[in-house]
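The values are calculated or read from the model by the stated rules, or taken from the named source; none is laboratory data. Quantities reported herein were computed from a predicted structural model and do not represent experimental measurements. Counting neighbours? That spans all protein chains shown, and the Cβs are built from the backbone with ideal geometry, glycine included. Note: areas computed on protein heavy atoms with side chains; ligands, DNA, RNA excluded. Shrake-Rupley method; radii C 1.70, N 1.55, O 1.52, S 1.80 Å.
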Protein chains: 2
Amino acid sequence: VKLYDFGVAPNPRRVRIFLAEKGVEVPIVTVNIAKAENREPAFLAVNPLGTLPVLELDDGRRLTESVAICRYIEAQHPEPPLMGVDPEDCAWVEMWSRRMEIELLFPIAQTFRNTHAFWAGRVRQVPEWGEVCREKSEQRLAWLDAELADRAWVAGERFTIADITALVSIDFGRVADIRIAPAQKNLQRWYEAVSSRPSAQA
Amino acid sequence: VKLYDFGVAPNPRRVRIFLAEKGVEVPIVTVNIAKAENREPAFLAVNPLGTLPVLELDDGRRLTESVAICRYIEAQHPEPPLMGVDPEDCAWVEMWSRRMEIELLFPIAQTFRNTHAFWAGRVRQVPEWGEVCREKSEQRLAWLDAELADRAWVAGERFTIADITALVSIDFGRVADIRIAPAQKNLQRWYEAVSSRPSAQA
């Protein structure tokens with residue numbers, strides 16, 4: 001098994017943190033997105049969509065989509081559970097995991113894509129859409145701060161994949177200058193707890 | 001248990017089709033998005049994010065996010081399995097389910113949001129971003145057509161939630177004039193098979 005990976009991109013980092021929480025090591029193949037290696041024929045043969053990460057199994061099958069890769073790892077290494085402790089709990093964790101993706105990660109990533117110089121000349125940027133997404137991202141940080149008033153972790157009593165996605169999203173926000181506001185004390189407390197875990201170094 | 005729902009929106013329809021495939025009926029509470037009822041205080045008390053669908057359990061807890069709702073239903077009503085037949089298979093189905101969402105449903109929805117008169121005055125539209133999303137949607141339909149050359153269903157040998165998401169996305173594409181091209185014969189064959197199931201009427 002091996003993981004096609006790139007250090008600073010948020011989706012590969014989700015999987016690395018998930019693996020670190022499980023205590024599992026997987027050989028890494030680096031594909032440099034900054035050099036557009038993910039758009040070269042060698043990698044498009046691995047994943048025609050050009051996205052990272054990809055988990056390649058020993059039988060040659062390739063699994064893409066970071067959350068699907070995490071679910072595969074969860075099946076192989078159930079402890080500690082990061083996606084729910086029973087089938088019904090899995091649904092609640094998934095709700096929070098998806099909210100962190102859809103309400104935070106995606107608008108932050110679209111802000112970056114549409115406003116940052118990195119993407120100029122690489123994709124068709126639409127700065128006005130980036131600003132719509134920036135506003136949404138900032139609203140959602142305020143919403144998440146309020147949600148965290150009465151609990152330690154995003155999905156409830158336990159650290160889960162929802163915390164991983166939220167951490168990765170907020171750290172990635174720096175590239176688009178989207179940050180936790182000083183007044184967002186719940187979010188800051190949560191951020192300190194999550195980012196001080198050893199897995200956050202992954 | 002009851003489901004907050006709105007007829008023509010794609011995410012509620014995903015859940016209705018899922019329920020129909022399971023043979024499960026749930027009382028419906030209609031929230032009219034076209035009249036912005038989902039932005040009124042009564043519904044924001046149910047779901048502060050204002051999104052549909054919401055599954056309200058008998059104990060009052062409320063589950064949002066269509067795929068999380070489907071996972072809850074799958075836990076309660078395992079047969080027929082629509083999200084994988086074992087824990088490892090669940091990961092493969094999730095890969096395809098996410099691809100249908102991220103590569104089809106989201107760009108189609110953003111095309112609609114940014115280009116259609118329905119949203120004028122309701123949200124800040126960015127038509128140029130709508131065109132970026134339209135182009136992506138059309139590329140992804142061509143990609144999916146190629147993927148379906150050698151199999152009956154999106155995720156492999158069985159009908160799954162990935163087919164539901166793809167069907168809902170493609171049907172919703174009509175509102176943005178995004179359609180299967182006449183030359184996309186695999187996709188047309190698949191579409192006829194999926195849309196002729198009784199659940200497609202949901």
Quiz item: Modelled label-to-label distance, residue B:151 and residue A:85, 7 Å Cα→beta-carbon offset: nm?
Solution: 3.5 nm
Exercise. Give me the distance in nm between label points sitting 7 Å out from Cα along the Cα-to-Cβ direction at residue B:131 and residue B:1, one decimal.
Key: 4.6 nm
Quiz item: What number comes out for the charge environment of residue B:103, summing +1 per Lys or Arg and -1 per Asp or Glu over other residues with Cβ under 12 Å away?
Solution: 0
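Give, rounded to the nearest 20 debye, the magnitude of the charge dipole that the range B:86-157 has about its Cα centre when Lys and Arg contribute +1 at Cβ and Asp and Glu contribute -1 at Cβ.
On the way: 9 positive and 14 negative charges, 137 e Å.
Using only the charged Cβ atoms, the result is roughly 660 debye.
Per the 1.4 Å probe, what fraction of the accessible area of the protein assembly as shown, in percent, lies on carbon and sulfur atoms?
Details: 9180 of 17200 Å².
After summing per-atom areas, the C and S share lands at 53 percent.
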Practice problem: Determine the dipole magnitude for the range B:1-155: charges of +1 sit on the beta-carbon of Lys and Arg, -1 on that of Asp and Glu, nothing else is charged, the reference point is the Cα centre, and the result goes in debye to the nearest 20. | Solution: 720 debye
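As a test of the definition: with a 1.4 Å probe, what buried accessible area, both sides summed, do you compute for B against A, in Å² to the nearest 100?
Numbers: alone 10540 and 10530 Å², together 17200 Å².
Buried area (both sides, nearest 100 Å²): 3900 Å².
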Self-check item: Cα centroid separation, the range A:160-192 to the range B:53-123 (Å)
Solution: 25 Å
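With charges only on Cβ, +1 for K and R and -1 for D and E, what is the dipole size of the protein assembly as shown about its Cα centre, in debye, rounded to 20?
Details: 50 positive and 58 negative charges, 236 e Å.
Roughly 1140 debye for the protein assembly as shown.
In whole percent, what relative contact order does chain A give with Cα contacts below 8 Å and a gap of six or more residues?
On the way: 270 pairs, mean separation 44.8, N = 202.
Result for chain A is 22 percent.
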Self-check item: Note, ³J(HN,Hα) from phi for the range A:97-106, Karplus 6.51, -1.76, 1.60, rounded to Hz, x at Gly and Pro
Solution: 4, 5, 4, 5, 6, 6, 8, 10, 4, 5
Exercise. Give me the distance in nm between label points sitting 7 Å out from Cα along the Cα-to-Cβ direction at residue B:123 and residue A:39, one decimal.
Key: 2.7 nm
Practice problem: Run the numbers on the range A:67-97: which residues show a drop of 20 Å² or more in accessible area, chain on its own versus all protein chains together, using a 1.4 Å probe over heavy atoms? | Solution: A:67, A:68, A:71, A:72, A:75, A:87, A:88, A:91, A:92, A:94, A:95
Quiz prompt | Rounded to whole Hz, the Karplus (6.51, -1.76, 1.60) HN-Hα couplings of the range B:163-169, x for glycine and proline | solution = 5, 5, 5, 5, 4, 4, 5
Quiz prompt | Antiparallel bridge percentage (DSSP; both residues within the protein assembly as shown; nearest 5) | solution = 65 percent
Quiz prompt | Choice from B:74, B:37, B:157 showing the highest fluctuation, given a GNM over chain B with Cα pairs closer than 10 Å | solution = B:157
Quiz prompt | Å² per residue, accessible surface of the range B:1-112 at 1.4 Å | solution = 38 Å²
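Efficiency by 1/(1 + (r/R0)^6): what FRET value for residue A:46 and residue A:8, r their Cβ-Cβ distance, R0 = 25 Å, to the nearest 0.05?
Numbers: r = 20 Å, r/R0 = 0.79.
According to the calculation, E is roughly 0.80.
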